[in-house]
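Since the structure comes first, as structure tokens, the remarks are kept for the end.
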2 protein chains.
Amino acid sequence: MVTIYDIAKRANVSAMTVSRVINNSGRISASTREKVKRIMEELHYVPNSTARSLVKQETKMLSLLITDITNPFFTTLARGAEDAAMELGYKLLFGNSDEKLSKEREYVDMMLSTRVDGLLFAPASDDSAEHLTMLNVHQVPFVLVDRDVPGVEADVVLGENRSGAARLTAYLLALGHRRIALINGFGTVSTARERFAGYCDALAEHGIGYDKSLVVEYGYNRFDDPDKLERVMRLPDPPTAIFAANNVLAVSIIAFLRGKGIGVPEQMSVVCFEDVGLASKLDPFLTVVMQPAYDFGYKGVRLLIDRIRRKDELERQTIRLPSEMIIRKSAGPPA
Amino acid sequence: MVTIYDIAKRANVSAMTVSRVINNSGRISASTREKVKRIMEELHYVPNSTARSLVKQETKMLSLLITDITNPFFTTLARGAEDAAMELGYKLLFGNSDEKLSKEREYVDMMLSTRVDGLLFAPASDDSAEHLTMLNVHQVPFVLVDRDVPGVEADVVLGENRSGAARLTAYLLALGHRRIALINGFGTVSTARERFAGYCDALAEHGIGYDKSLVVEYGYNRFDDPDKLERVMRLPDPPTAIFAANNVLAVSIIAFLRGKGIGVPEQMSVVCFEDVGLASKLDPFLTVVMQPAYDFGYKGVRLLIDRIRRKDELERQTIRLPSEMIIRKSAGPPA
DNA sequence: GTGAAAGCGCTAACAA
DNA sequence: TTGTTAGCGCTTTCAC
């Protein structure tokens, strides 16, 4: 590997002079600058950021920790994060927790050791608090994205979960549904709680009591036990509509219904929170509340970098990103 | 930040002893090991990989460069790459070139400077050769994935593009189609060339000459000029079927056809190379050739790490991953 | 089983 | 405008 010293020797100057040329800092005579630059090119010199990081105590790396890299929401979020990071001269180290605390923990340790300058963090659940505490102990700035964690003081970028869920539910109610199942994420995830609250809001608005037997919980990334849903469907007074708390669950549920020969929306209406990427372009079928996924990432990283630069002088921020309801064809009047 | 020296001082040992405990190397008495470990925990010590990288001349970081992070194929590939990397103790630095050479170049420079130990690289086009040469100059190992680059000697993990495209085309021919449009990627991308060759193979097999006017090219990630397709549709002897060279194009094409009121498959049959992620689960509609995306990433990273470890002693490898044809509903007999 | 010294490639701080 | 010195946090090498 070519080092600063190789350049320095060839150019007959000190290492500092070369360093100054590389960083455009300090006053350098045009002639030495030219000479050094020429030699740098000749030797294909590439600065060693490892060494620079060590002395500058910053890596210009950020970490993006998401819970499901195959979910189009997070993928688009990542795209936004990438753009913001690149614009501001940062690299992005990815991590994908699969909604698992243990994998999340591994990633946090990794990032700590890598000395990333900050993290954009979509926590797996409230129990992520433990990992976030670790970050605080080490004074590594982070911004929570998509999900909040009670008891953790931090900048957050969130969606309008409660009102969005209420709109979706109200829409089903307006169509005439009275028995609406909620297939939710786990109650230990803030978005699931908020979506549940919105669901209840809308029901209450219509004077309908909340029926516990209509609500079941799954991991956001896998519909692993169809029996839970099956039991809801076999209730004496079964649902005529399903509100899926996220896109992955919605898709699995529809596949499941299809497998049982249940037509959507003819025999069962389905709506969901978050759009489904390519699928909605291929076939605009699912009625959804769509979130500005790109902005989650873009604004999250901007906020993170702001935090890194201004440390404590910056007041704690909460950004709420608006969502949009898109009415398509997966919900109709009750059968 | 807590350093090895802080631990050493508190434990009344040398920095080397601490280092040895951390790395489980050398002989250490049980008692010192215990003492050092205890203090490490107390102080929440986390090794500084930046410093370690500097001396060891390795970062335990790999880079994954893909061309479209919102494409489910690459997303699933990334998932595989992540698993393989994590299993073998490496971190993954992501880059997304958007099929753009300039962005790719920026990433290559970044990765060079970051001193990643190797790259899994999905090149934007044949012109990526220039960037790959850069990697060779700096002796950074890389593995090409999904796409080959002529003139570049490297390990590669590729799909069965030619035979897969031939199968898809043969399927349309068997349905009775004789005028089949190919909406391809740019000819500067190896997969586009191979898929084109497969398309021609199948036509030739049926004694049908290749008609240049039925073939148009787009970037794999965007259907940016519908007029090009429109012109094909308005041919005196128009196509009755469309073969889309990738998933993103297929989805856009179908949306476009729908916009024109053209029913698929009633008025126009459509097939495509690569599956469409969630979309195919939501609605098993598109007839496709599906590639084992996860394996592309998983095997690519394994191969890369093999290459890193064994450098020149390892012979150059080419892995061809099988694809599978999935017949669904988007293609039928000619209208 | 443990330690001292040197150095990885770079830059901050101070000199000249 | 340029150079010298020291040190970032760790591991390699050699010594005991």
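I need two numbers for region B:161-290: Rg to one decimal and Dmax as a whole number, Cα atoms only, in Å.
According to the Cα coordinates of region B:161-290, Rg and Dmax are 13.3, 38 Å.
Relative to the longest principal axis of the C-alpha atoms of chain A, give the angle of the C-alpha long axis of helix A:30-42, reported between 0 and 90° and rounded to the nearest 10°.
Approximately 60 degrees, to the nearest ten.
For chain A, modelled as a GNM with alpha-carbon contacts under 10 angstrom, which of A:Phe273, A:Phe223, A:Phe73 fluctuates the most?
Top of the fluctuation ranking is A:Phe223.
Using a 10 Å cut-off on Cβ to Cβ distances, tally the other chain neighbours for every residue of A:41-51 and report the average as a whole number.
Partner-chain Cβ atoms within 10 Å, mean over residues of A:41-51: 5.
Set the Förster distance to 51 Å, then compute FRET efficiency between A:Thr133 and A:Ser31 from the Cβ-Cβ distance, nearest 0.05.
E between A:Thr133 and A:Ser31, to the nearest 0.05, is 0.40.
Ordered by residue, what ³J(HN,Hα) values in Hz, to whole numbers, does region B:187-195 give under the Karplus form 6.51 cos²θ - 1.76 cosθ + 1.60, where θ = phi - 60° and Gly and Pro are x?
Couplings: x, 8, 10, 4, 5, 5, 5, 5, 5 Hz.
Hey, which lysines would be in cross-link range of B:Lys260, C-alpha to C-alpha under 22 Å, not counting anything within fewer than 8 residues on its own chain?
Filter leaves A:Lys281, A:Lys329, B:Lys228, B:Lys329.
In Å, what Rg and Dmax follow from the Cα atoms of the protein assembly as shown?
27.6, 89
For q values of 0.07, 0.13 Å⁻¹, compute log₁₀ I(q)/I(0) with the Debye formula on a Cα-only model of chain B, without solvent.
Per q value, in the given order, log10 I(q)/I(0) is -0.39, -0.94.
Would you please give the FRET efficiency between A:Asp109 and B:Thr318, computed as 1/(1 + (r/R0)^6) with r the Cβ-Cβ distance and R0 = 41 Å, to the nearest 0.05?
Between A:Asp109 and B:Thr318 the formula returns 0.65.
Under a cut-off of 20 Å between alpha-carbon atoms, report the lysines in cross-link reach of B:Lys91, not counting same-chain residues fewer than 8 places apart.
The qualifying lysines are A:Lys60, A:Lys91, A:Lys100, A:Lys103, B:Lys56, B:Lys60, B:Lys299, B:Lys311.
Treat the count of other C-beta atoms within 10 Å as a stand-in for reagent exposure and order A:His177, B:His131, A:His138 from fewest to most.
Fewest-to-most ranking of A:His177, B:His131, A:His138: A:His138, A:His177, B:His131.
Could you give the size of the charge dipole of region B:72-176 about its Cα centre, using +1 on the Cβ of each K and R and -1 on the Cβ of each D and E, expressed in debye and rounded to the nearest 20?
Computed about the Cα centre, the dipole is about 220 debye.
Using the crude model of +1 on Lys and Arg Cβ and -1 on Asp and Glu Cβ, and no other charge, please compute the dipole size for the protein assembly as shown relative to its Cα centre, in debye to 20.
Here the protein assembly as shown has a charge dipole of around 1340 debye.
In which sequence would B:Asp306, A:Asp98 go, from the one with the fewest C-beta neighbours within 10 Å to the one with the most?
B:Asp306, A:Asp98
Could you compute the FRET efficiency for A:Asp224 and A:Ser102, with r as their C-beta to C-beta distance and R0 at 22 Å, rounded to 0.05?
Given R0 = 22 Å and the Cβ-Cβ separation, E is 0.80.
What average number of partner chain Cβ atoms lie no more than 10 Å from the Cβ of the residues making up B:133-146?
Counting Cβ atoms of other protein chains within 10 Å of each residue's Cβ and averaging gives 1.
7 Å from Cα along Cα→Cβ at both A:Ser14 and A:Lys260: what's the point-to-point distance in nm?
7.8
Rank the residues A:Arg234, A:Arg33, A:Arg195, A:Arg38 as a footprinting-exposure proxy: fewest other Cβ atoms within 10 Å of their Cβ go first.
Ascending number of Cβ neighbours within 10 Å: A:Arg234, A:Arg38, A:Arg33, A:Arg195.
Mind checking the angle between helix A:293-310 and chain A's longest principal axis? C-alpha axes, 0 to 90 degrees, to the nearest 10.
40
Mind checking B:83-90 for the average number of partner chain beta-carbons within 10 Å of each residue's beta-carbon?
1
Calculate I(q)/I(0) for region A:1-110 by the Debye formula, one identical point scatterer on each C-alpha and no solvent, and give its log10 at q = 0.14, 0.15, 0.18 Å⁻¹ to two decimals.
Summing over Cα pairs of region A:1-110 leads to -0.72, -0.77, -0.90.
What's the Cα-based Rg to Rh of region A:84-225, Rh via Kirkwood?
Taking Rh as the inverse mean 1/r over Cα pairs, Rg/Rh reads 1.07.
Using only helices, what value at 222 nm comes out for chain B when you add -39,500 (n - 2.57) per DSSP H run of length 4 or more and divide by the total residues, to the nearest 500 deg cm²/dmol?
So the helix-based figure for chain B works out to -14000 deg cm²/dmol.
Go through region A:244-255 residue by residue and turn each phi into a ³J(HN,Hα) via Karplus (6.51, -1.76, 1.60, θ = phi - 60°); whole Hz please, and just put x for glycine and proline.
Ordered by residue, 3J(HN,Hα) equals 8, 6, 8, 5, 4, 4, 4, 4, 5, 5, 5, 4 Hz.
From the phi of every residue in region B:124-133, what ³J(HN,Hα) in whole Hz does the Karplus formula 6.51 cos²θ - 1.76 cosθ + 1.60 yield, where θ is phi - 60° and glycine or proline is x?
5, 6, 4, 5, 5, 3, 4, 5, 5, 4
Using only Cα atoms, tell me the angle between helix B:72-87 and the longest principal axis of chain B; keep it within 0 to 90° and round to the nearest 10.
Helix B:72-87 sits roughly 20 degrees off the main axis of chain B.
For region A:4-47, what is the Kirkwood estimate of the hydrodynamic radius, computed as the reciprocal of the mean inverse distance between distinct Cα atoms, to one decimal in Å?
When all Cα pairs of region A:4-47 are included, the Kirkwood radius is 10.0 Å.
Read-outs throughout are calculated quantities, based only on the coordinates presented, and are distinct from any laboratory measurement. Here the structure is a predicted model, which means the values were calculated and not measured. All Cβ positions, even for glycine, are placed from backbone atoms using ideal geometry, and neighbour counts span all protein chains on display.
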